[in-house]
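Contents: one structure, followed by commentary.
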Amino acid sequence: MRNSSRNEWWRFFASVPRLKHSQAEPLALIPLQQERVDYFYKLLEKDKKAFDDYTPLNRQEIEDFLFGPNSVSFEIGYGVGLCTLVFSGVNAYVQMVMFDWFYRDYICHQIIEEAFSRGAERITSTVTEDRNNARHLVLSLGFRYEGTLRKAFYRDGPFADGPGKYFDVELYGLSKEAWYGNRSNDSSGGDQRGGVDWGRSSGCPGSE
């Protein structure tokens, strides 16, 4: 991606406000209730570009996605974040947004554990080419790059060279075997302070 496009997106994300809250760590992973959909829909609609994993969908489509027959969704803390696992065969796709822009390691670990405990043998995460921090996050969790879908995701601009553009989508996978193999060799104990702060990092932030 050209530097001009990176700079455009960094300027945009720098202007996106973080959700301010005083909730103590660790935040809880709470099964999502249908009465909470309106709250999250309003947050997603405020920043359609920032959270565009979800925002191409309208209100009803988001509810159908969150509570679909193959979906399991969680509220992170009280309104701080949102995560959905979509199960397909042995695979679970993961979508996650944090409205305070801090992706905590322990929350990511809990979500991975949820996927595997519910029968997944692997987890797939998709990252558009411009989301450097999302790439850093999944790699830090042990995901491996598995391929690229060329120009598979359209994002509205404006950009310097047009009103919108297509981006490559990178595929990352984490197997159950690799996760538990790595965890058996990890004595860190899951530091609650660890994570990726997309408000302070030098790359372009975004939902994962």
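No value in this document is a laboratory result; all are computed from the given coordinates. No experiment lies behind these values; they were computed from the predicted model shown. Heads up, the Cβs are rebuilt from the backbone with ideal geometry, glycines too, and the neighbour counts pull from every protein chain shown.
In terms of surrounding Cβ atoms within a 10 Å radius of their Cβ, Ser71, Ser140 rank from fewest to most as Ser140, Ser71.
Sequentially through segment 159-176, phi angles give Karplus couplings (6.51, -1.76, 1.60; θ = phi - 60°) of 10, 4, 10, x, x, x, 7, 9, 10, 5, 10, 8, 9, 10, x, 9, 8, 4 Hz, Gly and Pro residues having no value and appearing as x. In order along segment 110-120, the phi-based Karplus estimate (6.51 cos²θ - 1.76 cosθ + 1.60, θ = phi - 60°) of 3J(HN,Hα) comes to 5, 5, 4, 4, 4, 4, 6, 5, 9, x, 5 Hz; Gly and Pro are listed as x. Let me know the shape class of segment 34-162, please: from the alpha-carbon gyration tensor, a ≥ b ≥ c as square roots of the eigenvalues, rounded when a/c is under 1.5, otherwise prolate if a/b is greater than b/c, or oblate. It comes out rounded by the Cα gyration axes. Sequentially through segment 137-142, phi angles give Karplus couplings (6.51, -1.76, 1.60; θ = phi - 60°) of 5, 5, 5, 5, 8, x Hz, Gly and Pro residues having no value and appearing as x. With neighbours defined as other Cβ atoms within 10 Å of a residue's Cβ, the residues Lys46, Lys20 order from fewest to most as Lys20, Lys46. Full extension of the chain between Asp161 and Ser22 yields a length gain of 45.9 nm, computed as 0.36 nm times the residue separation minus the alpha carbon distance.
The antiparallel fraction among DSSP beta bridges confined to segment 3-187 stands at about 90%.
The dipole here belongs to segment 3-187: it is taken about the Cα centre, uses +1 on the Cβ of Lys and Arg and -1 on the Cβ of Asp and Glu, and is about 360 debye. The slack between Glu61 and Tyr180, meaning 0.36 nm per residue of separation minus the straight C-alpha distance, is 39.4 nm.
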